[in-house]
Structures are given as C-alpha cells and as structure tokens.
1. Would you check if there is a residue in the range 102-111 being outside any loop (DSSP other than H, G, I, E, B) and either over 13 Å from the mean Cα position of the chain (by Cα) or modelled with pLDDT of 95 or more (or both)?
2. What's the total number of residues in the range 36-65 that are open to solvent by 60 Å² or more (accessible area, probe 1.4 Å) and over 16 Å from the mean Cα position of the chain (by Cα)?
3. Can you pull out every residue in the range 140-159 that is under 16 Å from Arg15 (Cβ atoms) and either open to solvent by less than 40 Å² (accessible area, probe 1.4 Å) or not in a loop (DSSP other than H, G, I, E, B) (or both)?
4. Take the residues in the range 143-188 that are of a type in the set (D, E, K, R) and farther than 12 Å from Val68 by Cβ, then tell me which one is nearest to the chain's Cα centre (by Cα).
5. Among the residues of the range 25-71, how many are among the polar types (S, T, N, Q) and modelled with pLDDT under 95?
6. Looking at Val183, Val135, which one is under 18 Å from Ala83 (Cα atoms) and either in contact with a helix residue (DSSP H, G or I) (Cβ under 9 Å, 6 or more places away or on another chain) or part of a loop (DSSP other than H, G, I, E, B) (or both)?
7. When the range 156-193 is examined, which residues are found to be of a type in the set (S, T, N, Q) and touching a residue at least 40 places away in the same chain (Cβ under 8 Å)?
8. Is one or more of the residues making up the range 66-79 outside any loop (DSSP other than H, G, I, E, B), open to solvent by 10 Å² or more (accessible area, probe 1.4 Å) and touching a Ser or Thr at 6+ places or on another chain (Cβ under 7 Å)?
Amino acid sequence: MAAAAVIAGVDEAGRGPLAGPVVAAAVVLCPDGVAGLADSKKLSAARREALAQAIRRHCHVGVGMASVEEIDRLNILQATMLAMERAVAALACDVSEVLVDGNRCPKWRWRSRAIIGGDATEPCISAASIIAKTVRDAIMIDADARHPGYDWASNKGYGAAAHLAALETLGPTPLHRRSFAPVRAIVENLQTGAG
C-alpha cells in the first residue's frame, strides 16, 4: 500500500516592511488538524499566539528567514523564495508536495503548487501564515527594544507614519532595508547633507 501523501503549507511574513528579515514557515498538519485556523491577518494577536502554540505542539513546523543583507543583495522576491526554501528544509519530515501561498513557487526540489489566497483556503498554509507572522512579530518587538523610537512593537517595520518620521529624524538602523525606496531616499539625503 502506498504511503499517505505528506503535504506542507508554506507562507511568508514581512515582504513589505522597510525593516527586518523576511520570515517563512512550512507546516505539515497533524492528522487531527488544528481547530480555528484562518489567514493570520484576520486573527487577533492573542488568537494567533494561541494557535501558533497549538501548531508547534501538534504539527511539523519549519521556519526559514532571509536577512536584511540578503534582501538588499538579492531583492525581496528572491529573498522570500530563499526563506521559503529554508523553511521546508527545516521540517523534520519528508514531504510529497508543498502548497505555497501566492502566485509562484521557488525553484526547488519539492513538487509544489502556488495557490493565490491559499492562506484563507488551505489549512496547512493558514497554519504556516500564523507561524511566520508570530515569529516575525516577535523579532520586531525585540528589535524595538534595541532600536527605540521607530515604534516597531506597533508597526512591525512597516512604513507607518511614526516609523517614517523616526527614519527621517534618527536615520536608518542596521535592520533597515536600504534597497527599499523610502529608506534609500533617506540614506541618499543623509549622504548628500554630509557632503
């Protein structure tokens, strides 16, 4: 008898922010599933955290990241693909197929399908979206303590008004993505002003 297919869901968090890494997660759901899964963006922070703990207890989870340096060197799309590949490679099991949220899959060794809106329709991708978001949010909350003034605990590195104002006043940190236009413009202005 053929072995049952092992399907992993993959999603990312942090493609759009001006600061911090991009984080991807891969999840193979437990046979009984996890109740209450949904697109992470539609859940409260407390609900996401509770679900993330349940997913980690009962499912196979892999997390992969691409650093700010990799984002700036490769571009955000390629860095995201790299983070996804690292997430699947970090799983403690072999997979038959990977379901990826979005419109494209990385060029990797696993059979895979891209599913637009998959974080709302495929439970394994929903679980991956919850893990990716909770991991990245925790990174940015920790970074806020080390780089105060940018309000990262609240905005998670996105281009909110308080973040942009602080970027103008305080300048960029090592966690800022210099290849992103708002950060690049401020770096160029600072260099011009210094010259």
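The values are calculated or read from the model by the stated rules, or taken from the named source; none is laboratory data. Since we're looking at a predicted model, the values are computed, not measured. Reconstructed Cβ throughout: ideal geometry from the backbone, glycine too, with neighbour counts over all protein chains shown. For accessibility, only protein heavy atoms count, side chains too; no ligands or nucleic acids. Shrake-Rupley method; radii C 1.70, N 1.55, O 1.52, S 1.80 Å.
1. So far as the range 102-111 goes, no, none of its residues is outside any loop (DSSP other than H, G, I, E, B) and either over 13 Å from the mean Cα position of the chain (by Cα) or modelled with pLDDT of 95 or more (or both).
2. 8
3. Hits for the range 140-159 are Met140, Asn155, Lys156, Gly157.
4. Lys156
5. Count: 2.
6. Only one candidate passes the filter, namely Val135.
7. Scanning the range 156-193 gives Thr173, Ser179.
8. Yes.
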